[in-house]
Amino acid sequence: MSHAWPELPVDLTPEVRMRRATLRDVDAILRLLGDDAVSAGRGDLNRPEDRPAYERAFAAIDRDPAQLLLVAESEADGVMGTMQLTLIPGMARRGAMRLQIEAVRVRSDRRSGGIGGRMIRWAMDAAPGVGAALVQLTSDAARVDAHRFYERLGFAPSHVGFKYTPPPSNTLRG
């Protein structure tokens, strides 16, 4: 199934544009993850030995037409933000397509400047054009400021999420 993502790049401000990420952006994205305390606490520490895993993840995202990995950048400051969009077909809600927003990060020295809001609003505005009837995201429970930010953008805290981390084994338990 192919999806027609909106035309990119797009200007978020006169100085900041958002475009599809390329392999050359992986280092900048890793710095954004490492610049975030919650991500760093999960192991996103921007270590050289982790680079092959991130390159494999980038390749999988880049070749999947249901995925769109974006970066926001300026000529003066380089990459200052990122987010990943995923289209999820579903049976619920009368077969509705969902647009999932993940891994939203804005560089710490650029937070509270409107870049993140412009990125999210762009995704919200793009939803109907890609066939999405619902835009959803998850946010770590510790991100209280982010929750207020998402609510200001019109998101409702409607669900309780759960996660399970399987053991790092390739064998199934019997």
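Every number here is computed from the coordinates shown, using simple stated rules; none is lab data. Quick caveat: nothing in here was measured; it's all calculated off a predicted structure. Note that we place each Cβ from the backbone using ideal geometry, even for glycine, and neighbour counts take in every protein chain shown.
Does Leu8 fit the bill of being touching a residue at least 40 places away in the same chain (Cβ under 8 Å), of a type outside the set (Val, Ile, Thr), touching a His at 6+ places or on another chain (Cβ under 8 Å) and closer than 25 Å to Gly117 by Cβ? Considered against the rule, which asks whether it is touching a residue at least 40 places away in the same chain (Cβ under 8 Å), of a type outside the set (Val, Ile, Thr), touching a His at 6+ places or on another chain (Cβ under 8 Å) and closer than 25 Å to Gly117 by Cβ, Leu8 comes out as no. Any residue in segment 38-52 that is among the aliphatic types (A, V, I, L, M), surrounded by 13 or more Cβ atoms within 10 Å (Cβ to Cβ), touching a residue at least 40 places away in the same chain (Cβ under 8 Å) and closer than 28 Å to Gly131 by Cα? No, that holds for no residue. I'd like to know if segment 52-61 contains one or more residues that are closer than 21 Å to Arg143 by Cα and of a type in the set (D, E, K, R). No, that holds for no residue.
On the given criteria, is Ile61 under 14 Å from the mean Cα position of the chain (by Cα) and either part of a strand (DSSP E or B) or more than 17 Å from Phe155 (Cα to Cα) (or both)? Here the answer is yes, as Ile61 does meet what is asked. Scanning segment 11-30 for residues that are crowded, with 16+ Cβ neighbours inside 10 Å and of a type outside the set (Gly, Ala, Ser) returns Leu12, Val16, Arg17, Met18, Asp25, Val26, Ile29, Leu30.
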